[in-house]
1. When each pair of different Cα atoms in the chain is counted once in the 1/r mean, what is the Kirkwood radius in angstroms, to one decimal?
2. Would you mind checking the tilt of helix 49-68 against the longest principal axis of the Cα atoms of the chain, expressed as 0 to 90 degrees and rounded to 10?
3. Suppose only helical runs count, i.e. DSSP H with n ≥ 4. What mean residue ellipticity at 222 nm does that imply for the chain under -39500 (n - 2.57) per run, divided by all residues and rounded to the nearest 500 deg cm²/dmol?
4. DSSP loop (so not H, G, I, E, B), at most 13 other Cβ within 10 Å: list which GluC sites (Glu not before Pro) in region 4-73 pass both filters.
5. Roughly how large, in nm² to one decimal, is the mean projection of the convex hull of the alpha-carbon atoms in region 1-40?
6. Does anyone have the angle between helix 15-27 and the longest principal axis of the chain? Alpha-carbon axes, 0 to 90°, nearest 10?
Amino acid sequence: MSNIKRTLSVKVADAGQAVELMRALGELEADIIAESRPGIVKIRIYGSKEEVRDLTRKILVITNARQKGPGST
């Protein structure tokens, strides 16, 4: 089984949002490397094709939920 890599770039509004995202990523049991820079978090995902696909979906759910924020519809 070969490992693949996928890179996601997620825009963040401020350092607080970046910290929340990094904390949520840390709770995932996965081979992930995340780097934070002003305004963006770059996420590298490693694993099999299925693992990468599953983790990408989970991360997109996390980032979409954080962008909408509490109380949004």
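FYI, it's all coordinate maths here, none of it is from the lab. Small disclaimer: the values here were computed from a predicted structure and weren't measured. Backbone-built Cβ (ideal geometry, glycine too); neighbour counts: all protein chains shown.
1. About 12.7 Å, per the Kirkwood formula over Cα pairs.
2. Between helix and principal axis, roughly 0 degrees.
3. Result for the chain: -15000 deg cm²/dmol, rounded to the nearest 500.
4. Here the GluC sites (Glu not before Pro) that fit, given the DSSP loop and packing criteria, are E29.
5. If I average the Cα hull's projected area over directions, I get 3.1 nm².
6. Helix 15-27 and the main axis of the chain meet at about 40 degrees.
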